[in-house]
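Below is one structure, written out as structure tokens, with a few remarks after it.
Computed from the coordinates by the stated procedures, all read-outs in this text should not be read as laboratory data. This is a predicted model, so every value here is computed, not measured. Heads up, the Cβs are rebuilt from the backbone with ideal geometry, glycines too, and the neighbour counts pull from every protein chain shown.
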Amino acid sequence: MDAYSKMLAFSAAAFLAFYGVQRYALRRGGYHYTDAPNAIARTANTTLLSAGVILFSLSAICWNGWMGAAPAYSDILSFPADGGLPLTPILSILAATAGYLSARKIIRQDSQKDIPPPSAWKLYFPLRTLFILTYEAFFRGALFFPMVALFGIAAAILANTALYFVAHMHGDKGEKIGALVFGPILCGLAFHHGSCWPAAIVHVCLTLSHEIPLGMHAIRKTSNQ
């Protein structure tokens, strides 16, 4: 088995393991931290994020160990020499705008079911950021580039987006549509720059611009009660 095949097999196993933990969190109402109904659900979400960081980091470690025999994509875990310019800043701004507008809609509807205490957010946001970074190192790195090498760019984008959709299939309609739109964009960005980090930056901008306003709103509501 060559390096790409070994990496793809390991990445598939990591994805299945993550999906299993995701199902565990879902059964306890912890799919999203920002609308988790109680402390048990928030703990389940923290478990999900922690498991993701571990599994996706292991994939990155395996990549560094195996890809010496496959130099064509050996540096995809390094930041691109061109700094991700100009696409990364443009897409980051668009993603941040979309995330913020989505959060404002939720705040206007006041649809958060339960409000985590202010102290909980201090742990959540660093863990969430680390999760997104390792998530993209996995999806647009250790999983995506072996697919490109083995099956070609078009098939790799289709397969990666399909798995990305599966990872978001328990979300609402907007999240599912977003996965189908956002997935190919992030794959294309990673392929264009030969690195997973431009996609990671864009994804972090989308996530934090959405969840930080929700967290701030929750903290204000808590302090006013």
Of the candidates Val202, Val148, the one satisfying the condition of being β-branched (Val, Ile, Thr) and surrounded by fewer than 23 Cβ atoms within 10 Å (Cβ to Cβ) is Val148
Being surrounded by fewer than 20 Cβ atoms within 10 Å (Cβ to Cβ), part of a helix (DSSP H, G or I) and touching a residue at least 24 places away in the same chain (Cβ under 8 Å) is the filter here, so list the residues in the stretch 23-45 that pass it. Tyr24, Leu26
